[in-house]
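Q: Here it is, the structure, as structure tokens.
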Amino acid sequence: MTRKPQPATVSASRIRSRSVLAALLFLPALFVVKVLVLTTDRGGRCFVDDIECAPFPVGAFGALLAALVVSFVVATAAPVRAGRVALAAQVALEAVAVLLVLAFP
């Protein structure tokens, strides 16, 4: 009797690969957004003169990064249903982190 591969296994590996891809693209996205922010007039003045710049919310960014790590681990290790939710949370948290970097020069 031969066994057929479970569709959940294919879906779980797809979720894992997408989660890893999103994690790998996160740092280049942060770098590109920071360069774009520094090319603006306000961003350049904040970088060179440090005048009229709001402080970067390091605590909020650290909490986002911690939540990103947790969602990445859950997306790569959890069953399919929880993996889908964790992948969606990971992508949403990455978007929020990139927007946070975009908002503060």
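The values are calculated or read from the model by the stated rules, or taken from the named source; none is laboratory data. Worth saying up front: this structure is predicted, and the values here are computed from it rather than measured. Neighbour counts run over all protein chains shown; Cβ positions are idealised from the backbone, glycine included. Just so you know, the surface numbers come from the protein's heavy atoms only, side chains and all, with ligands and any DNA or RNA stripped out. Shrake-Rupley method; radii C 1.70, N 1.55, O 1.52, S 1.80 Å.
Q: Hey, what's the chain come to in accessible area per residue, 1.4 Å probe, Å²?
A: Roughly 69 Å² per residue, with all protein chains present.
Q: Could you tell me which of 12, 105, 73 has its Cα farthest along the dipole of the chain towards the positive end, charges placed at Cβ (Lys, Arg +1; Asp, Glu -1), taken about the Cα centre?
A: 12
Q: Quick one, can you get me the convex hull of the C-alpha atoms of the chain expressed as volume per residue in Å³?
A: 82 Å³
Q: To continue, here is another question. Taking the Cα centre as origin and putting +1 on Lys and Arg beta-carbons and -1 on Asp and Glu beta-carbons, what dipole magnitude results for the range 3-105, to the nearest 20 debye?
A: That gives a dipole near 980 debye.
Q: What's the angle, to the nearest 10 degrees (0 to 90), between helix 7-38's Cα axis and the longest principal axis of the chain?
A: It is inclined by approximately 10 degrees.
Q: So how much slack lies between residue 14 and residue 61, counting 0.36 nm per residue of separation and subtracting their Cα-Cα distance, in nm?
A: Here the segment from residue 14 to residue 61 would lengthen by 14.1 nm.
Q: Based on DSSP H runs of at least 4 residues, each adding -39500 (n - 2.57), what is the mean residue ellipticity at 222 nm of the chain after dividing by all its residues, to the nearest 500 deg cm²/dmol?
A: Taking each H run of at least 4 residues, the total per residue is -27500 deg cm²/dmol.
Q: Which angle between 0 and 90 degrees, to the nearest 10, do you get for helix 80-103 versus the longest principal axis of the chain when only C-alpha atoms count?
A: Here the helix axis deviates by roughly 10 degrees.
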